[in-house]
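The values are calculated or read from the model by the stated rules, or taken from the named source; none is laboratory data. Fair warning: this is a prediction, and the values are worked out from it, not measured in the lab. FYI the Cβ positions are ideal-geometry reconstructions off the backbone, even for glycines, and counts take in every protein chain you see.
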Amino acid sequence: MQRIILTLDQARTLQRDPRPWPADWVFLLDIDVPEKPDIIADPLRMSAAMEMKRMGCGDDHIAEQLAWKPGSTPLRQIARIIKKMNAT
């Protein structure tokens with residue numbers, strides 16, 4: 001499997017493109033922000049994770065791409081936010 005590392009601007013440009021992505025593509029985001037302790041999650045990483053979740057990515061995939069631990073606090077926070085958004 002080939003991997004393409006994208007900056008956030010490149011990922012947003014691709015996301016806006018109306019043409020579908022090839023099914024065998026895997027996108028990685030190149031975020032120059034080291035992981036902080038789970039309780040002080042970086043807003044840039046949280047917004048990237050929320051977008052990935054919106055696109056249907058699983059928690060394990062999000063954790064791998066953003067160098068978070070599986071089941072970490074940011075992932076649980078995102079799950080709570082999504083649950084509240086779906087309830088309204």
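Is there any pair with a first residue in segment 56-78 that is surrounded by fewer than 16 Cβ atoms within 10 Å (Cβ to Cβ) and a second that is small (Gly, Ala, Ser) and assigned to a helix (DSSP H, G or I) whose Cβ atoms are under 6 Å apart and which are 6 or more apart or on different chains, and what are they?
Close Cβ pairs (under 6 Å, with a partner that is small (Gly, Ala, Ser) and assigned to a helix (DSSP H, G or I)) amount to Pro70/Ala63.
Residue check: is Thr88 surrounded by fewer than 13 Cβ atoms within 10 Å (Cβ to Cβ) and among the hydroxyl-bearing types (Ser, Thr, Tyr)?
Judged against the criteria, Thr88 is a match.
Given the options Ile81, Ile31, name the one that is among the aliphatic types (A, V, I, L, M) and modelled with pLDDT under 75.
Only one candidate qualifies: Ile31.
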